[in-house]
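Trainee: Got a structure for you, questions after.
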Amino acid sequence: MNAHKKVALVTGANKGIGRAAAEQLAALGMTVLVGARDSRRGEQAAEELRGAGGDAHALTLDVTNPATVAESAKQIDERFGRLDILINNAGITGSGQVSPDQAHDQIPSAVEVDMVRAVFETNVFGVIAVTNSMLPLLRRSSAARIVNVSSHAASMTLLSDPDGPFAGLLPSAAYTPSKSALSALTVQYANELRKDGILVNAVAPGYVDTDSNNHTGFLTPAQGAAVLVRLATVADDGPTAGFFGEDGPLPW
Ligand code: NAP
């Protein structure tokens, strides 16, 4: 393989924002590993990216299944020997295709704790599992970047303002706190890895037209993915421990 060609892994890359990020990274000339929990869907997405001229390979990776996480790291090691970019994009709302801010089953006083557990399992614990399995490979990169896909809804500053732009959203005890936890985790990883030159940031893609909100979002997946790619490709003197939307830094 070409030692100068960057190797990027995007989890949940078979559709939506992750898929668009994979397309954009491939268009930049990178080798893109399309993480997907369903191997058929992952293979199909990778095939379509190759059809468009990209260097894409499917990896069967369910972030809640440690065996698939370990096997993915093993395959990347054997095939590429390192990883340059990890985008932790896979996520669930917990309410199917109902946008979390419209999901009555996430209202704190009524939420089922099992649903909160399931959401945290994917959106938080899955990120720890994948990141820790990939870190030995990321440490072999000369410019490793980790991007955690959070949400504007993760911002406790924005959400706690009764007159702020998100005042109308239904309260959520599952999705929204899971993304706030992901933001907190981002800072902790960034602080640990700063000395190693691994830059770790959280991003909010905006309200994007995908299955996760039954296509009520107003941004295209490509527009939403742009900030993922921007933080995945920042220079060595770029930010770490930050939270960014397309228009710039966001408050935690
Ligand atoms: P999406 O179209 O539903 O895509 C989600 C992706 O995550 C799918 O590929 C899905 O795979 C995958 N996934 C779910 N659970 C997984 C698991 N356990 N292991 C591996 N992959 C898993 O949703 P999206 O809108 O593109 O969301 C992508 C990310 O952006 C999520 O983290 C989401 O929270 C975040 N986000 C989205 C919006 C928005 O407006 N859309 C706003 C803020 C943040 P399957 O196809 O197998 O289900």
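No value in this document is a laboratory result; all are computed from the given coordinates. Everything quoted here is computed from the prediction, not taken from an experiment. When we count neighbours, we look across all protein chains shown, and the Cβ atoms used for this are built from the backbone with ideal geometry, even at glycine.
Trainee: Once fully extended, how much extra length lies between HIS4 and SER142, figured as 0.36 nm per residue of separation less the alpha-carbon to alpha-carbon distance?
Mentor: In short, 48.7 nm is gained.
Trainee: On to the next question. Which one, ALA58, PRO100, ALA222, is farthest towards the positive end of the dipole of the chain when Lys and Arg carry +1 and Asp and Glu -1 on their Cβ?
Mentor: Highest projection toward the positive end goes to ALA58.
Trainee: While we're here: Ranked highest first by average number of other Cβ atoms within 10 Å, how do 230-239, 203-212 line up? Write out the running numbers ahead of the final one.
Mentor: Values: 230-239: 15.6, 203-212: 20.8.
Top to bottom by mean Cβ count within 10 Å: 203-212, 230-239.
Trainee: To the nearest 500 deg cm²/dmol, what mean residue ellipticity at 222 nm is calculated for the chain from DSSP H runs of n ≥ 4 alone, each contributing -39,500 (n - 2.57), summed and divided by the residues?
Mentor: Details: 8 runs with 96 residues, N = 252.
After summing the helix terms and dividing by residue count, I get -12000 deg cm²/dmol.
Trainee: Just the Kirkwood number for segment 7-249, please: inverse of mean 1/r across all distinct Cα pairs, in Å, one decimal.
Mentor: On the way: mean 1/r = 0.0562 Å⁻¹.
Result for segment 7-249 stands at 17.8 Å.
Trainee: Helix 221-232 versus the longest principal axis of the chain: what is the Cα-based angle in degrees, 0 to 90, to the nearest 10?
Mentor: 60
Trainee: On a 0 to 90 degree scale, rounded to 10, what angle separates helix 126-138 from the longest Cα axis of the chain?
Mentor: 20
Trainee: Now for a separate question. In whole Hz, with x marking every Gly and Pro, tabulate ³J(HN,Hα) for segment 237-252 from phi via Karplus 6.51 cos²θ - 1.76 cosθ + 1.60, θ = phi - 60°.
Mentor: In residue order, the calculated couplings are 8, x, x, 9, 6, x, 9, 10, x, 4, 8, x, x, 10, x, 5 Hz.
Trainee: Further question on the same structure: Please compute the contact order of segment 1-145 in relative form: average sequence separation of alpha-carbon pairs under 8 Å and at least six residues apart, divided by the residue count, as a percent.
Mentor: 24
Trainee: With charges set only on the Cβ (+1 for Lys and Arg, -1 for Asp and Glu), what does the dipole of segment 41-169 come to about its Cα centre, in debye to the nearest 20?
Mentor: Values: 9 positive and 16 negative charges, 123 e Å.
Its charge dipole is roughly 580 debye.
Trainee: How much length, in nm to one decimal, is gained on full extension between ASP77 and ARG230, taken as 0.36 nm per residue of separation minus their Cα-Cα distance? Numbers along the way, then the final one.
Mentor: Values: separation 153, 0.36 × 153 = 55.08 nm, distance 2.53 nm.
Extra length from ASP77 to ARG230 when fully extended: 52.5 nm.
Trainee: What angle do you read, to the nearest 10 degrees and between 0 and 90, between the alpha-carbon axis of helix 39-51 and the longest principal axis of the chain?
Mentor: Tilt of helix 39-51: around 60 degrees.
Trainee: In addition: Quickly rank 145-158, 169-182, 47-60, 115-128 as a protection proxy: mean count of other C-beta atoms within 10 Å, highest first.
Mentor: Values: 145-158: 23.4, 169-182: 21.8, 47-60: 17.6, 115-128: 19.6.
Order by mean packing, descending: 145-158, 169-182, 115-128, 47-60.
Trainee: Dipole magnitude of the chain about its Cα centre, charges +1 at Lys/Arg Cβ and -1 at Asp/Glu Cβ only, in debye to the nearest 20?
Mentor: Rounded to the nearest 20 debye, it is 740 debye.
Trainee: Let me ask something else. Determine ³J(HN,Hα), in whole Hz, for all residues of segment 79-90 in sequence, where each value follows from phi through the Karplus function 6.51 cos²θ - 1.76 cosθ + 1.60 and θ = phi - 60°; x replaces Gly and Pro.
Mentor: 8, 10, x, 6, 9, 9, 9, 10, 10, 7, 9, 3
Trainee: Less than 25 Å apart at the alpha-carbon level, and either on another chain or at least 8 residues along: which lysines does that give for LYS74?
Mentor: Filter leaves LYS5, LYS6, LYS15.
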